[in-house]
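Chemist: Structure in structure tokens, see below.
The values are calculated or read from the model by the stated rules, or taken from the named source; none is laboratory data. Only a predicted model underlies this, so the values are computations on that prediction, with no experimental measurement involved. With ideal geometry, Cβ positions are generated from the backbone for all residues, glycine too; neighbour counts draw on all protein chains shown. Note: areas computed on protein heavy atoms with side chains; ligands, DNA, RNA excluded. Shrake-Rupley method; radii C 1.70, N 1.55, O 1.52, S 1.80 Å.
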Amino acid sequence: MSAPALEIRKIVVLSEDVLRDGGRGDDGGLLRKVACAVVFRNPYAGRAFSEELSLLVEPSAQLGTLIGTRCSEAAGATVESHGKAVMVGTAGEQEHGNAVKTTTFGNPFREAFGGGQAWLPSTTKRAAPGASIDVPLCFTNEILVRSHYDTITVTIPDAPGPDEIVLVGAVATRGRLNARLGGVAKEDAGAVDGGAAGAGAGADAGAVDGGAAGAGAGGAAR
């Protein structure tokens, strides 16, 4: 029997356009960063410790599709960077947040905006209403592309409540303006490791995700 759908209270979509940095723009055009946050009730909040967290893991696939679709629509262009983050209300555990952003969430999230091979960078924390979280971003096909390391900050004044979780997916349409610190260029990313997902993802993801080994979305979308 599948887990019931999560009880969503609100959906928040944030968008920012960066046109200049350091007093100038560059030839890449504007940088649009988008975050979609879903606020929902934590089914484990206030309950005794539970070894299994399927009430969060299983329905997170639907949230992945929802958040990825909203991000893609708001971006209005090809997505080049992605990331995720979670805030858990104080009646829950940090691990409850991790349960909603596993591969079960990550694969549908990325499929909704065209996919990608790199590890999804992420962060989680327990928080009170009105807390902020910085959602890390990296290039969708190779985590070593330094120009695309970035963040978008998300704050929702009334969330998370003590019995809530805020799950955030974020995307960007390009790397940072005036990026000039070298590293792998996005055009060369596929040649870094034969097109596999991120230099460090392979060995770790294979053990976690049944041998996905970083070469496909399953291993990368942690």
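Chemist: Restricting the first residue to region 153-169 and requiring it to be farther than 17 Å from VAL100 by Cα, which pairs with a second residue that is open to solvent by 20 Å² or more (accessible area, probe 1.4 Å) and in a strand (DSSP E or B) meet a Cβ separation below 6 Å and a spacing of at least six or different chains?
Modeler: THR153/SER132; THR153/ASP134; THR155/SER132; ILE156/VAL12
Chemist: Test each condition in (1) over 22 Å from ASP158 (Cα atoms); (2) touching a residue at least 60 places away in the same chain (Cβ under 8 Å); (3) of a type in the set (A, V, I, L, M); (4) in a helix (DSSP H, G or I) for ILE67 and report the one that comes out false.
Modeler: Here ILE67 clears every test but (1).
Chemist: When only residues in region 18-37 that are over 19 Å from LYS84 (Cα atoms) and in a strand (DSSP E or B) count, which is most open to solvent (accessible area, probe 1.4 Å)? Outline the logic, then answer.
Modeler: Just the residues of region 18-37 that are over 19 Å from LYS84 (Cα atoms), to begin with: 18-30.
Still in the running and in a strand (DSSP E or B): 18, 21, 24.
On the way: VAL18: 35, ASP21: 90, ARG24: 146 Å².
The residue in question is ARG24.
Conditions tested, residue by residue: (1) crowded, with 20+ Cβ neighbours inside 10 Å; (2) modelled with pLDDT under 95; (3) farther than 26 Å from ASP26 by Cα; (4) of a type in the set (A, V, I, L, M).
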| position | (1), (2), (3), (4) |
| --- | --- |
| SER50 | no, no, yes, no |
| SER60 | yes, no, yes, no |
| LEU63 | yes, no, yes, yes |
| ALA74 | no, no, no, yes |
| HIS82 | yes, no, no, no |
| MET87 | yes, no, yes, yes |
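Chemist: One residue is enough: does region 144-152 have a residue meeting the conditions closer than 18 Å to VAL12 by Cβ, touching a residue at least 24 places away in the same chain (Cβ under 8 Å) and open to solvent by less than 50 Å² (accessible area, probe 1.4 Å)?
Modeler: Yes, region 144-152 contains a residue that is closer than 18 Å to VAL12 by Cβ, touching a residue at least 24 places away in the same chain (Cβ under 8 Å) and open to solvent by less than 50 Å² (accessible area, probe 1.4 Å).
Chemist: Here's something else I'd like to know. Kindly provide the set of residues from region 93-127 that are at pLDDT below 95 and surrounded by fewer than 20 Cβ atoms within 10 Å (Cβ to Cβ), ordered by number.
Modeler: Passing the criteria: GLY114, GLY115.
Chemist: Specify which of the listed residues (PHE113, PHE49) is touching a strand residue (DSSP E or B) at 6+ places or on another chain (Cβ under 8 Å), in a loop (DSSP other than H, G, I, E, B) and of a type in the set (Phe, Trp, Tyr).
Modeler: Numbers: PHE49 fails: touching a strand residue (DSSP E or B) at 6+ places or on another chain (Cβ under 8 Å).
The conditions single out PHE113.
Chemist: So is PHE40 aromatic (Phe, Trp, Tyr), exposed (fewer than 15 other Cβ atoms within 10 Å of the Cβ) and over 28 Å from ARG176 (Cα atoms) or not? Steps first, please.
Modeler: Working: aromatic (Phe, Trp, Tyr): yes; exposed (fewer than 15 other Cβ atoms within 10 Å of the Cβ): no; over 28 Å from ARG176 (Cα atoms): yes.
Taking the combined requirement at face value, the residue does not satisfy it.
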